[in-house]
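Please read the structure below before turning to the comments.
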Amino acid sequence: MPRFPSRRAFLITGAALGGTALVAAVGGVGYLSTLDVDGLDGHVEGDLAHLNAFVILHEDGRVVVNVPKTEMGQGIHTGLAMLVAEELDIPWDDRISVVFPTEPHPAYSNWFNALQIRPEEATGPVVWIGRRVLGQLGFIATGASGSTMGMWHPMRVAGASARHMLVAAAAARLVVPEAELTTRDGAVLHEASGRRLPYGALAREAALLSPPDDPVLRNPADWQIAGRSQPRIDVPPKVRGTAVFGMDVVLPGMVYASIRHAPVFGASVARIVNEDEVRSEPGVTDVAIVGGRHVAVVAASWWQAEQAAWILDVEWTATEADGVSSGELNERLREGLDSEELHEHLVEGDIDSAFATEGARLVEAEYQVPFVTHACMEPINATVRIAEDGTAELWVPTQSPAFARRAVTRGAEWAGVSLGEVTCNVTLTGGGFGRRSDGDVVSEAIFLAARMQGRPVKLIWPREEDIGRGLYRSHAAARLRAALGPDGLPAGYDATVAAQSAMESIATRNLPFTPNPEGDALSLEGLDKPHYAIPDRRIRIAHVPSHMPIHFWRSNGYSFNTFFSESFVDECATAVGADPLDYRRAMLRDSPRHLAVLDRVAEMAGWGSPLGPGQGRGIAIEECYRSIVAQVAEVTVLPDGEVRVDQVFCALDAGLIINPDAVVAQMEGGIIYGIGTALMNALTIQDGAVQETNFHDFTMLRLANAPRIDVALVQSGELPCGVGEPGVVPAAAAVANAIFAATGRRLRSLPLANVETVGERRIRTILPAAAS
């Protein structure tokens, strides 16, 4: 069966259909000219020498690196700038700074995601045209663990090209052959004469030279900066309090807004009962119905706006979802699994024969996960100013300037205004996890700014709106079946997942078209397990719609399908009395890269060594975003049912590593995020509305309760792979498998525990209803 288009192709295609007309010209075939649609041409602007789209030199030798990826705490600004510094041959010190470029230049487009090919591997006329066309779309986004994979090579080329141009400028000034020149510490050297020319002194001349078609890149074996842990660029300003997040933006004459959305998604504003009362509150300057569906209060300060919003009395229209509950939505999932109209995503071999084989041992299990939200630490916000000439400027912590720009159009349509040029300033972001790629808050802020006659507006969602009226990861259920052969290993594997389509929900809000939700790739990730040696397999999906708005969520389908599939592998091992590690090793007999990661994490955890009473170890492995990640969780379950995750061991093969400390930190953060979600996160739907509102009832894992985490980076010959999301992926299965090892109870639904208050402590106890 044909596969559903990937998330990457879906996003780029949507940007194309929502953008302007494209012209794909056929020109030279030099690498640089096609890498970023002529983006490496240099120029001089004031005292700044733009050597290419990524590298800017000051006359005093300072280097500004344009990194078109949102810094969300993952260290991407540091990692990509390290590659430029490496190739440019400049020390890693305070002369290097990073900015997110405001221009939607073709050089910054995510064409590599749409084409499903690494930039360094991109060859041929079809790829060339695809680059050229997609580059014109200005689709810039951060997600899918693709920032390093997609940008590591272009950033190296940009640095190497800039260095080549500086050497050429020095050769012209000194009237010597380029071959006699070397570079070191941000300068060009002529050893024979002892002359030294700093980069800053050559910058203007170099910027006017043509870039080389194929600059020589340094061998990673010779790297001095990249490949070694370096101090992060974003840490000092965060420590000093000078870093600018979206919440930190302050503009002259700015007003602030808070907002209320309908408690049931899909409802609209019927009327504001007490609008006059709200308008009379201190500092309030406006009360507005935004897009017919939300109510915002604008005031001189955000606290004044929020206090006034608390007394809003809004009548909302009725919807078909008004009486819907979590129980009904869960029942729809089960109906989806029973449907006779399942979409076949993958069929390999003869699945029916595998299950009909005489003597085959059959194993079957069903699993389920709830809706969850992102719970970013920085509240959802956007600041907008619309000038008298109709131009608009945004300051927003967004993962997608492209979606933000499209959201501007939507907000302007709501306000009935026509806007000119739009500048999008991407700030630092206090957590993204996919949530900040949507344009919802930008549309609302644009609508409000259009009413303010030139005054900038900062719209901040209160926490209750984000958790109770925000965007979510779909709930999901799965039915997994295996036919075990004479050796006890799966000869047949039949997996069905029921979930709501994220692609359909995202497109409905952000794109001018809606794709067919059947076979949504985001719902299928992590289900097919191609690395396991299973002769016959079938993967199917049921799209189960609901009124809940679904969005990207850190690791998307992997976050639940790996819980389903890796728990099921343990169940198969238990059925034949096999050790879970040995069972996986046998299934990975044809996958040496995976086997190396599995063996490494088992060694780290001392797999097989004795544990204390009530303790257990669980293991899980997955390939995601081209990385391979395996985890072993150690848990303790006390006699009263309290469950503690004591330690997590993680082995990761992410290919060539640029900044090791940042990769380890990503694994640690992902594990904490994954364990918190596995143990305690769930949204409850009653009368169509989400009941949870803040961190008191949507509990996050606190530092005091976090496990010890040990991460090992496994070397391989692979090019850089994704690391932003893999840490989340195996966590739930590893913990659930560890609980089974400790108690003999198989938990097949998330969350795995109840959060209870006992005295002054909040503890997590195993849910009896989830036991087999």
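Laboratory data are not the source of any read-out in this text; all were calculated from the coordinates shown. As the structure is a prediction and not an experimental result, all values here were calculated from the model. So basically every Cβ, Gly included, is an ideal-geometry build from the backbone, and we count neighbours across all protein chains shown.
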Set of lysines with alpha-carbon distance to residue 69 below 25 Å, sequence-local pairs under 8 removed
238, 458
Semi-axes a, b, c in Å (a largest) for region 312-365, each sqrt of 5 times a Cα gyration tensor eigenvalue, come to 43, 13, 8
Net charge within 9 Å of residue 567 by Cβ-Cβ distance, Lys/Arg positive one each and Asp/Glu negative one each, not counting residue 567 itself?
-1
Treating only the Cβ of Lys, Arg, Asp and Glu as charged (+1, +1, -1, -1), what charge dipole size does the chain show about its Cα centre? Round to the nearest 20 debye.
780
Would you please put 401-410, 531-540 in order of how densely packed they are, using the mean number of other Cβ atoms within 10 angstrom per residue and starting with the highest?
401-410, 531-540
Mind listing the Cα extents of region 675-723 along all three principal axes, in Å, largest one first?
54, 27, 14
Tell me the Rg and the Dmax, in Å, that the Cα atoms of region 443-564 produce.
20.1, 76
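On average over all directions, what projected area in square nanometres does region 341-405 have, based on the convex hull of its Cα atoms?
One quarter of the hull surface, i.e. the mean projection, equals 10.0 nm².
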At most 15 other Cβ atoms within 10 Å and a DSSP loop assignment: could you name the GluC sites (Glu not before Pro) in region 391-429 that fit?
421
Where both partners of a DSSP beta bridge lie in the chain, what percent of those bridges are antiparallel, to the nearest 5?
75
Descending packing, highest mean Cβ count within 10 Å first, for 299-309, 214-224 is 299-309, 214-224
The size of the Cβ-based charge dipole (Lys, Arg +1; Asp, Glu -1) of region 272-368 about the Cα centre, to the nearest 20 debye, is 560
Given the C-alpha atoms of region 676-772, compute the convex hull and give its volume per residue in Å³.
173
Say each of residue 694 and residue 353 gets a label point 7 Å from the Cα, pointing the same way as Cα to Cβ; how far apart are those two points in nm?
6.3
Order 139-146, 750-757 from most to least packed using the mean count of other Cβ atoms within 10 Å.
139-146, 750-757
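Please compute the volume of the convex hull spanned by the alpha-carbon atoms of region 159-234 and report it per residue in Å³.
127
Kindly provide the helix-only [θ] at 222 nm of the chain, computed as the sum of -39,500 (n - 2.57) over DSSP H runs of four or more divided by all residues, to the nearest 500 deg cm²/dmol?
So the calculated ellipticity at 222 nm is -9500 deg cm²/dmol.
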